Amino acid sequence: MSVSRDDFGIAFRSALLQRGASQKFSVLSLIFLALIIFFLDVYGTKFTSPIRGFLNDVVYRISYLSSTPTRFFPKATRNISSFFNIKEENIKLKETIEKYKSLELNVEYLTNQNKDLQKILETEYLNRNLDNIVLAKVLVDKNSPFLKSIIINKGTSTGILKGMPVTVNNYLVGRIVETNYLSSRVLLLNDLNSRIPVTLGEGAQAILTGSGLDKPILEYLPDDYLISEEINVFASGKDGIFSPGTPIGKTNINGEVDLFVDPNQLSFVTVNLISQQKGNL
């Protein structure tokens with residue numbers, strides 16, 4: 001017979017995989033074709049050869065189509081598996097990139113903090129007795145709409161007491177109002193409860209009062225005093241707490257004081273221990 005048994009077997013199995021009416025049609029069709037080809041081989045003449053060749057081509061096509069899934073699906077399975085592997089590797093790569101970004105941000109943060117510390121050391125610790133000052137890190141910023149204070153990581157264990165002035169780069173930022181063994185609270189100059197006697201660069205005396213906003217205001221100025229811009233403001237020292245001449249800020253046209261140190265950007269501060277000792281003498 002011209003058509004191999006394997007071809008018929010593959011085509012027959014393919015027909016069996018069909019369902020319902022189509023399955024019956026496929027099986028009956030193959031049986032019918034097989035019988036025709038059989039009779040043509042046995043009883044055929046040269047005139048029936050083209051018909052037999054055509055039927056052989058039909059069976060070959062059916063055999064090829066029925067065997068196609070067995071060749072296609074292993075390759076498709078490998079492609080799908082490769083796709084998911086690439087996707088998983090892509091996710092891991094993105095996670096690694098994010099970790100490096102996080103490390104880079106941490107380095108940037110530590111670099112900025114190191115710059116702040118270096119600046120403080122250069123301005124406040126140079127030519128001064130280190131026993132009289134304490135460098136502290138800001139732990140908590142307790143700012144609210146009107147109350148402005150910070151918590152630092154040093155307390156009575158380092159000699160800090162209530163009333164001691166707090167500075168940054170020799171600029172006044174506030175005073176200690178609460179102490180614990182390992183921490184303290186600093187009342188900032190712009191807090192509503194802050195009142196400090198000050199001297200303006202021209203010699204006028206006033207009270208620097210916290211407004212609850214970013215900039216404190218000047219009160220109790222002489223009646224005939226006209227506020228102008230860019231006048232330096234210093235602690236007068238009349239309260240016995242702050243050292244006379246400690247710089248605070250500059251006046252503006254609105255009667256406010258632009259502080260030399262932004263109270264919203266504090267990372268490290270210095271507590272002056274000796275000022276309180278002088279105040280108690």
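Condition check ((1) surrounded by 17 or more Cβ atoms within 10 Å (Cβ to Cβ); (2) more than 33 Å from the chain's Cα centre (by Cα); (3) not assigned by TED's automatic domain parsing to the domain that holds Ile274) across all residues:
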| site | (1), (2), (3) |
| --- | --- |
| Lys142 | no, no, no |
| Asn153 | no, no, no |
| Asn170 | no, yes, no |
| Leu221 | no, yes, no |
| Phe234 | yes, yes, no |
| Lys238 | no, yes, no |
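Condition check ((1) farther than 19 Å from Phe242 by Cα; (2) modelled with pLDDT of 95 or more; (3) in contact with a helix residue (DSSP H, G or I) (Cβ under 7 Å, 6 or more places away or on another chain)) across all residues:
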| position | (1), (2), (3) |
| --- | --- |
| Val134 | no, no, yes |
| Val138 | yes, no, no |
| Phe146 | yes, no, no |
| Thr158 | yes, no, no |
| Gly163 | no, no, yes |
| Asn170 | no, no, yes |
| Val186 | no, yes, no |
| Ala206 | no, no, no |
| Ser211 | yes, no, no |
Within the range 201-212, of all residues that are surrounded by fewer than 21 Cβ atoms within 10 Å (Cβ to Cβ) and over 38 Å from the mean Cα position of the chain (by Cα), the one nearest to Gly174 (Cα to Cα) is Ile207
Considering residues that are out of contact with any Phe, Trp or Tyr (no Cβ under 7 Å at 6 or more places or on another chain), in a strand (DSSP E or B) and touching a residue at least 24 places away in the same chain (Cβ under 8 Å), the number found within the range 143-190 is 18
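The values are calculated or read from the model by the stated rules, or taken from the named source; none is laboratory data. Source: prediction; values computed, not measured. Using ideal geometry, Cβ is built from the backbone for each residue, glycine included, and neighbour counts are taken over all protein chains shown.
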